[in-house]
Amino acid sequence: MGEIKVSPDYNWFRSTVPLKKIIVDDDDSKIWSLYDAGPRNIRCPLIFLPPVSGTADVFFRQILALTGWGYRVIALQYPVYWDHLEFCDGFRKLLDHLQLDKVHLFGASLGGFLAQKFAEYTHKSPRVHSLILCNSFSDTSIFNQTWTANSFWLMPSFMLKKIVLGNFSSGPVDPMMADAIDFMVDRLESLGQSELASRLTLNCQNSYVEPHKIRDIPVTIMDVFDQSALSTEAKEEMYKLYPNARRAHLKTGGNFPYLCRSAEVNLYVQIHLLQFHGTKYAAIDPSMVSAEELEVQKGSLSLSQEEQ
């Protein structure tokens with residue numbers, strides 16, 4: 001149990017990348033927690049947004065690998081926000097505080113939905129240069145919970161955790177996926193009642209993405225073919241919404257492929273970001289590009305050979 005938490009990689013990450021806490025709202029209780037790693041001269045980094053159960057460190061494998069390649073990567077943990085507009089306003093203030101005009105966003109599940117809402121919210125003065133949406137959705141009504149969204153704040157912590165755990169895989173999974181689930185359960189335990197209640201509210205509050213506002217943003221849709229909390233209908237809806245999106249399919253990976261299939265996820269992230277190399281929106285240090293591109297090409301070659 002808890003293999004990831006005691007792994008050398010995770011301990012190395014915790015000892016080398018500091019967790020920063022930033023307040024950008026008038027309300028001092030709204031604290032953003034984040035890991036910011038990689039070259040500071042990069043002005044358009046990749047920002048990771050976690051799912052309901054996640055904290056900023058669930059993306060530690062992406063941070064370690066991508067910063068090793070010369071990328072600037074930021075992983076976030078949200079403060080307590082109760083509606084999408086409030087979240088978008090807070091996130092905009094955070095980017096202003098970090099002096100980042102435009103960013104690439106990787107959102108997992110709820111994080112992906114919030115990334116789309118933020119792109120929509122800032123469409124007149126764009127702050128999002130591209131999106132990677134992992135096991136994500138575009139309409140909260142898929143969870144059939146919109147009628148309970150306004151009562152999550154009343155529920156005790158154990159009930160909220162039960163609701164979230166109900167979406168975790170319960171069938172047989174391979175050891176790496178089991179470790180990923182254990183780690184996410186541990187992260188879930190670290191969240192307080194208001195953090196969980198607010199995230200579930202954002203996850204289920206009646207809302208959908210307006211695609212015409214973000215149709216010019218490059219998108220990669222990343223999903224898994226095995227069991228995850230997302231229905232086939234929700235996935236199909238995403239494909240329809242973004243007909244020109246690149247698709248990154250993982251044969252297996254469950255709800256948390258960034259933990260248990262990190263090599264594949266990292267490769268797809270690199271392939272997505274390749275299109276911006278050489279522009280002012282590159283998330284990578286220019287001096288690192290040639291070596292990194294070679295490695296990505298080798299990786300994508302071996303990946304395609306495996307699939308054949």
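The values are calculated or read from the model by the stated rules, or taken from the named source; none is laboratory data. Because the structure is a prediction, the values reported are computed rather than measured. Neighbour counts are summed over all protein chains in view; Cβ atoms, including those assigned to glycine, are modelled from backbone coordinates with ideal geometry. Surface areas here come from the heavy atoms of the whole protein model, side chains and all, with no ligands, DNA or RNA. Shrake-Rupley method; radii C 1.70, N 1.55, O 1.52, S 1.80 Å.
Brief remarks follow.
- Among the candidates ASP96, ASP182, residue that is at pLDDT 95 or above, in a helix (DSSP H, G or I) and open to solvent by 10 Å² or more (accessible area, probe 1.4 Å): ASP96
- Just one of the listed residues (ILE163, ILE217) is among the β-branched types (Val, Ile, Thr), under 21 Å from the mean Cα position of the chain (by Cα) and open to solvent by 50 Å² or more (accessible area, probe 1.4 Å), namely ILE163.
- Test: residue in segment 132-142 that is out of contact with any strand residue (DSSP E or B) (no Cβ under 9 Å at 6 or more places or on another chain), open to solvent by less than 30 Å² (accessible area, probe 1.4 Å), under 24 Å from LEU85 (Cβ atoms) and of a type in the set (Val, Ile, Thr): no
- Condition met for ILE42 (within 29 Å of ILE181 (Cβ to Cβ) and either assigned to a helix (DSSP H, G or I) or of a type in the set (Val, Ile, Thr) (or both)): no
- Taken over segment 1-36, residues that are more than 30 Å from PRO175 (Cβ to Cβ) and exposed (fewer than 13 other Cβ atoms within 10 Å of the Cβ) amount to 6.
- Filter pass, ILE47 being open to solvent by less than 10 Å² (accessible area, probe 1.4 Å), assigned to a strand (DSSP E or B) and out of contact with any Cys (no Cβ under 6 Å at 6 or more places or on another chain): yes
- Residue selected from segment 124-160 under the condition assigned to a loop (DSSP other than H, G, I, E, B) and of a type in the set (Gly, Ala, Ser), by the criterion nearest to the chain's Cα centre (by Cα): SER136
- Qualifying residue in segment 68-75 (condition: touching a strand residue (DSSP E or B) at 6+ places or on another chain (Cβ under 6 Å) and open to solvent by 70 Å² or more (accessible area, probe 1.4 Å)): no
- Filtered residue count, segment 227-243, keeping only those that are assigned to a helix (DSSP H, G or I), touching a residue at least 40 places away in the same chain (Cβ under 8 Å) and not hydrophobic (A, V, I, L, M, F, W, C): 2
- Any hit, segment 191-201, residues being open to solvent by 30 Å² or more (accessible area, probe 1.4 Å), of a type in the set (Asp, Glu) and under 19 Å from the mean Cα position of the chain (by Cα): yes
- The combined condition, being more than 30 Å from MET159 (Cα to Cα), of a type in the set (Lys, Arg) and open to solvent by 20 Å² or more (accessible area, probe 1.4 Å), is not fulfilled by LYS235.
- Set GLY254, GLY278: member being open to solvent by less than 10 Å² (accessible area, probe 1.4 Å) and part of a loop (DSSP other than H, G, I, E, B): GLY254
- ALA197 closer than 19 Å to SER136 by Cβ, in a helix (DSSP H, G or I) and of a type in the set (Gly, Ala, Ser): no
- Looking at LEU85, LEU34, just one residue is in a helix (DSSP H, G or I), in contact (Cβ under 8 Å) with a residue 24 or more places away in the chain and either farther than 24 Å from PRO126 by Cβ or not charged (D, E, K, R) (or both), and that residue is LEU85.
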